[in-house]
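Read through the structure below, which is laid out as structure tokens, and then see the notes.
The values are calculated or read from the model by the stated rules, or taken from the named source; none is laboratory data. Fair warning: this is a prediction, and the values are worked out from it, not measured in the lab. Using ideal geometry, Cβ is built from the backbone for each residue, glycine included, and neighbour counts are taken over all protein chains shown. Ligands, DNA and RNA are excluded from the accessible area calculation, which covers all protein heavy atoms including side chains. Shrake-Rupley method; radii C 1.70, N 1.55, O 1.52, S 1.80 Å.
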Amino acid sequence: MQVPLNARCGIMRLTLQYAACFVAFLSAGFLIVATWTDCWMENADDSLEVSTKCRGLWWECVTNVFDGIRTCDEYDSIYAEHSVKLVATRTLMILADILAGFGFIILLLGLDCVTLLTNDSSIKLKICFVSGITMVIGGVPGIIGSVWYALDVYVERTNLLYSVFLGIQYKFGWSCWLGMAGSLGGFVCGGVLICCHYFFEENGYGRGISYASRKIYTHNGDSVNKFYSPSKTETAKMYAVDTRV
């Protein structure tokens, strides 16, 4: 049995929604973990080093390579004088965390399987659209903060290579990579949600159809035609009777 166009569009819409929800969850999680972990920059590999040093946005940790003992020192109060790189990255990442978290929550409310606010598919499309906009906006400060921090570390390391004074050479660590990955994931998720909104809204799929009225698929596909079948009006019933004669 051939699946109708509306049914195929409904399946595609649900698939894209769940995929976007999964990506949004990972993006928000990556950004939050990146903000509150301690390895935004770590010392480069050196055989003479007996410890691994990692610096985060809030504290610095040193791990002994022999016994694995790890000690961390918190930075001074937020009111103390810090570098512009540190303060700006903190601000941008916290803003990205808040926006990504709100975007994920809004997306949950826009899923067709969640009937907390409404069952109207057209309204849910708009909710997902708002979620997509929020995720894209949240990815902007995240990518700016993480890339700026990484470039600053790279420039600092390059200048140290040409300096006559020896010092610890750092490279950007896995927390910085998580920040970049979370920001890019927010862009991808937001782009998918925005494109879905324009595609389904322009073609009119799912308008005026509530999730509660949709039929469940069976293994033999008998209820596929009923997935988006509207209720018969009195005029349609009379027309059907007239055609039987």
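Where residues in the range 166-212 are hydroxyl-bearing (Ser, Thr, Tyr) and out of contact with any Ser or Thr (no Cβ under 8 Å at 6 or more places or on another chain), which of them is modelled with the highest pLDDT?
TYR198
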Quiz item: VAL84 versus (1) more than 30 Å from ILE11 (Cβ to Cβ); (2) surrounded by 14 or more Cβ atoms within 10 Å (Cβ to Cβ); (3) under 28 Å from the mean Cα position of the chain (by Cα): which is the lone unmet condition?
Solution: (2)
Quiz item: Going by the structure shown, is THR63 in contact with a Ser or Thr (Cβ under 6 Å, 6 or more places away or on another chain), over 20 Å from LEU99 (Cβ atoms) and modelled with pLDDT of 80 or more?
Solution: yes
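Mind checking which residues of the range 91-128 are among the aromatic types (Phe, Trp, Tyr) and surrounded by fewer than 18 Cβ atoms within 10 Å (Cβ to Cβ)?
Correct list: PHE102 only.
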Quiz item: Looking at the range 129-151, is at least one residue open to solvent by 50 Å² or more (accessible area, probe 1.4 Å), more than 30 Å from MET12 (Cβ to Cβ) and not β-branched (Val, Ile, Thr)?
Solution: yes
